[in-house]
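Below: one structure, written as structure tokens.
The values are calculated or read from the model by the stated rules, or taken from the named source; none is laboratory data. Source: prediction; values computed, not measured. Don't worry about glycine lacking a Cβ; one is built from the backbone with ideal geometry, like all the others, and counts go over all protein chains shown. The protein model used for the area step is the full one, side chains on, heavy atoms only, and it has no ligands, DNA or RNA in it. Shrake-Rupley method; radii C 1.70, N 1.55, O 1.52, S 1.80 Å.
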Amino acid sequence: MSPTRRTTRRPLARRRLTGVAAVALLVVASATACSKEAADQWSRAGMPEGVTKQATIVHTLWVGSWIAALATGVVVWGLILWAVLFHRKKQSSADHLPPQVRYNLPIEILYTVVPVIMVAVFFFFTARDETEIMKVTGTAPIKVAVEGYQWSWRFTTEYQGQKAVAAGVPVDLSKQSVETPQGPQLVLPVNSEVQFDLHSPDVIHSFWVPAFAFKMDVFPGNVHNRFQITTLDRAGVFTGRCAELCGTDHSRMLFSVKLVPQAEFDQYIKSQAGSAQ
């Protein structure tokens, strides 16, 4: 290599190193600024933060499933690397088959028993958590009748003999934002049990609030799906939507859930009393 070419490449390499260092510093700074948020996201394995007791159950099952899947993946990857590194074809045995294990009874039993045990464990935890999530006691102090129709929602909240109704129209997506969500707003208190009764007068819809980590279909006819939640002590406004393709304006079928302190909820119910009549 000529001296001229060597001197030309050194500044180029130095510039590349400087660029890489700058990018690395930017990544570190961004990671530091968002470290708490990133840590929260990692702890939930990418799921949104839940606002109900049932959401915490879903999150635990979700994270546990990922841990089990990654542990299985590590074992499989380790076996693959072990086979690649220590059981490669050797020149001295080019014309010989390696030891065959297709009739090895202990290994074949292992191949069968281990997956069955894994599936059984997954099934047990899924069935246990599903039973808890889908449990409806019928004693919740707050009952909400949810009517999903083309293409909006009507919420009728009943509490201590009083009713409040919130109904909407298809949302104008050009004005929709996270800070000021449009559509009907369902107001609920924190730290309370709430029962939902879902029904549709036209087609199948799906009631979904990501912060609940749960969704349920809304059927027409005489089918009324029910579920129950226990809200946590986390006030705020949380978006919801229809999760079932239900027609032309499906994307505009938005709503929000507002969790407020109990005193504020009591005042809301009093102010809205009689609106359903």
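Odds and ends about this structure:
- Per residue, the accessible area of the stretch 79-119 comes to 103 Å², computed with a 1.4 Å probe over protein heavy atoms only.
- Pair Thr230, Lys135: separation of 7 Å Cα→Cβ label points (nm): 0.8
- Residues Val74 and Val119, FRET efficiency given R0 of 30 Å [Cβ-Cβ distance, rounded to 0.05]: 0.95
- For Phe238, neighbours were defined as the other residues whose beta-carbon sits under 14 Å from its Cβ, and their charges (Lys and Arg +1, Asp and Glu -1) total +2.
- Spacing of the two label points (7 Å from each Cα toward its C-beta) at Lys53 and His96, in nm: 6.7
- Computed over protein heavy atoms with a 1.4 Å probe, the carbon and sulfur contribution to the accessible area of the stretch 177-277 reaches 50%.
- A Förster radius of 35 Å combined with the Cβ-Cβ distance from Gln162 to Val223 puts the calculated FRET efficiency at roughly 0.80.
- For the set Val169, Val63, Val218, Val84, solvent exposure ranked by accessible area (probe 1.4 Å, protein chains only) runs largest to smallest as Val169, Val84, Val63, Val218.
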